[in-house]
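**Q** To start, I am sharing the structure in question, which I have written as structure tokens.
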Amino acid sequence: MQDTRREGHQAIKEIGFLYCSSVDTGSAISNPFWSPILHGVEAEARKTNSKVTYRDVGHLVPTPQLLRTTLQEMQLGSALLVGPAEAETIRLIKEMNIPLVLVDNFVRGLKIDTVLCDNFEGARMAVEHLLQQGHRQIAFIGGSAAPGPRPIQTIYTIERRAAGYRTALLDAGIPVDYSLTAACTLSTEGGYEACKALLQAGTPFTALFCANDETAIGAMKALREAGRSIPEDISIIGFDNIAMVEHLTPALTTVHVDKEALGSIAVKRLLMQAADPDMVSSASIINVELVKRASVAPRRA
């Protein structure tokens, strides 16, 4: 067994950190959510002297042949596909026949290792906390949504967070009011515009759950501009616990995601694949926790 493990470790000399997102045009290296994941990957890779090569491949997705050529030229020994990549992109990379793990993504029907946090339970915990504080009119800001009888988030992880939001409300006997949900880009500007749209729509709410911290930061700006105090008028919760949110005024209540662990566990799965290519694929779900700060208060009577 020890010899097999060594062979597996030696088989991975280079790990490709392939960042793929059609909704984020920035770099993962400077992103407050993705950069800690990269740090976790690098820390774990150092233990086996594996080299980590970063590459943004999102802009190559519309030209599959160029994406295929680019990856072949990289001559990777393994790959982490990071972010909300589509099924066709995943299949293309899987054809390279190297150890492959999805990070913060899941695609139904594909037998492939994936590592992500417990998005559903994290969102449910957040909304249950608001309910415990007496809030009943709770709005939700998510990412881009597909049209239909109800908004369905186009990014799997954000849809799981939306599902947690809906479940918490329904479990409390509160019907989901889709006039209290708004779609946006998952950025501070997106959160700002979505919150303004909610306020302008006129449906009253006393609390707001945001799909990530960046949208929450934008929403806080919109609330202040509208003369709403946080948390006296409106309580707000984010998701991810990026580094800056504890320094906001008020400090943001959010769901903590161990981002370094996401990267570390993904590398461990690559090593396991290298040691046992016939290993059954699985999804690794990282536990999350609610971090209570000053942006939530009991609903005013």
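The values are calculated or read from the model by the stated rules, or taken from the named source; none is laboratory data. Values in this document were obtained by computation on a predicted structure and should not be read as measured data. FYI the Cβ positions are ideal-geometry reconstructions off the backbone, even for glycines, and counts take in every protein chain you see. To get the accessible areas, we keep the full protein, side chains included, count just its heavy atoms, and leave off ligands, DNA and RNA. Shrake-Rupley method; radii C 1.70, N 1.55, O 1.52, S 1.80 Å.
**Q** Out of Leu270, Leu223, Leu262, which single residue is closer than 20 Å to Cys117 by Cα and in contact with a helix residue (DSSP H, G or I) (Cβ under 7 Å, 6 or more places away or on another chain)? Explain how you work it out, then say what you get.
**A** Working: Leu270 fails: in contact with a helix residue (DSSP H, G or I) (Cβ under 7 Å, 6 or more places away or on another chain); Leu223 fails: closer than 20 Å to Cys117 by Cα.
Exactly one residue qualifies, and that residue is Leu262.
**Q** Where residues in region 37-48 are open to solvent by 40 Å² or more (accessible area, probe 1.4 Å) and in contact (Cβ under 8 Å) with a residue 12 or more places away in the chain, which of them is farthest from Leu100 (Cα to Cα)? Steps first, answer last, please.
**A** Step one: list which residues in region 37-48 are open to solvent by 40 Å² or more (accessible area, probe 1.4 Å), which gives 39, 42, 46-47.
Those left that are additionally in contact (Cβ under 8 Å) with a residue 12 or more places away in the chain: 39, 42.
Working: His39: 18, Glu42: 16 Å.
The residue in question is His39.
**Q** More than 22 Å from Arg160 (Cβ to Cβ) and aromatic (Phe, Trp, Tyr): which single residue out of Tyr19, Tyr54 fits that description? I'd like the intermediate steps shown before the answer.
**A** On the way: Tyr19 fails: more than 22 Å from Arg160 (Cβ to Cβ).
On inspection, the qualifying residue turns out to be Tyr54.
**Q** On to the next question. Can you pull out the residues in region 257-279 that are in a loop (DSSP other than H, G, I, E, B) and either modelled with pLDDT of 95 or more or under 20 Å from Met125 (Cβ atoms) (or both)?
**A** Start the filter on region 257-279 by keeping residues that are in a loop (DSSP other than H, G, I, E, B), which leaves 257-258, 276-279.
Hits for region 257-279 are Val257, Asp258.
**Q** While we're here: Kindly indicate whether any position in region 168-188 is part of a loop (DSSP other than H, G, I, E, B) and without any contact (Cβ under 8 Å) to a residue 12 or more places away in the chain.
**A** Looking only at region 168-188, we keep the residues that are part of a loop (DSSP other than H, G, I, E, B), and these are 172-177, 184-187.
Filter once more, keeping what is without any contact (Cβ under 8 Å) to a residue 12 or more places away in the chain: 173, 175.
So far as region 168-188 goes, yes, one or more of its residues are part of a loop (DSSP other than H, G, I, E, B) and without any contact (Cβ under 8 Å) to a residue 12 or more places away in the chain.
**Q** A further question follows. Scan (1) over 16 Å from Tyr192 (Cα atoms); (2) among the β-branched types (Val, Ile, Thr); (3) open to solvent by 20 Å² or more (accessible area, probe 1.4 Å) for the single condition Val255 breaks and write down its number.
**A** (3)
**Q** All but one of (1) more than 23 Å from Gly142 (Cβ to Cβ); (2) in contact with a helix residue (DSSP H, G or I) (Cβ under 6 Å, 6 or more places away or on another chain) hold for Glu232; which doesn't?
**A** Glu232 satisfies all of (1) more than 23 Å from Gly142 (Cβ to Cβ); (2) in contact with a helix residue (DSSP H, G or I) (Cβ under 6 Å, 6 or more places away or on another chain) except (2).
**Q** For region 75-87, how many residues are in contact (Cβ under 8 Å) with a residue 60 or more places away in the chain and open to solvent by 10 Å² or more (accessible area, probe 1.4 Å)? So that I can check it myself, show each step before the final result.
**A** Our first condition is that a residue be in contact (Cβ under 8 Å) with a residue 60 or more places away in the chain; within region 75-87, this holds for 75-86.
If we keep only those that are open to solvent by 10 Å² or more (accessible area, probe 1.4 Å) as well, we get 75-77, 84, 86.
The number of residues fulfilling the criteria is 5.
**Q** Which ones in region 140-155 are within 30 Å of Asp233 (Cα to Cα), open to solvent by less than 50 Å² (accessible area, probe 1.4 Å) and either assigned to a strand (DSSP E or B) or touching a Lys or Arg at 6+ places or on another chain (Cβ under 7 Å) (or both)?
**A** Within region 140-155, Phe140, Ile141, Gly142, Ala145, Gln153 qualify.
**Q** Further question: Taking only region 111-139 into account, find how many residues are over 20 Å from Glu88 (Cβ atoms), open to solvent by 10 Å² or more (accessible area, probe 1.4 Å) and not basic (Lys, Arg).
**A** Here the count works out to 11.
**Q** Within the set of pairs 6+ apart or on separate chains, which have a first residue in region 210-228 that is without any contact (Cβ under 8 Å) to a residue 40 or more places away in the chain and small (Gly, Ala, Ser), a second that is in a helix (DSSP H, G or I) and open to solvent by 40 Å² or more (accessible area, probe 1.4 Å), and C-beta atoms under 7 Å apart?
**A** Gly218/Thr188; Gly218/Glu189; Ala222/Lys196
**Q** Out of the residues in region 49-71 meeting the condition of being open to solvent by 60 Å² or more (accessible area, probe 1.4 Å) and of a type in the set (D, E, K, R), tell me which one is farthest from Cys20 (Cα to Cα).
**A** In this case the residue turns out to be Lys51.
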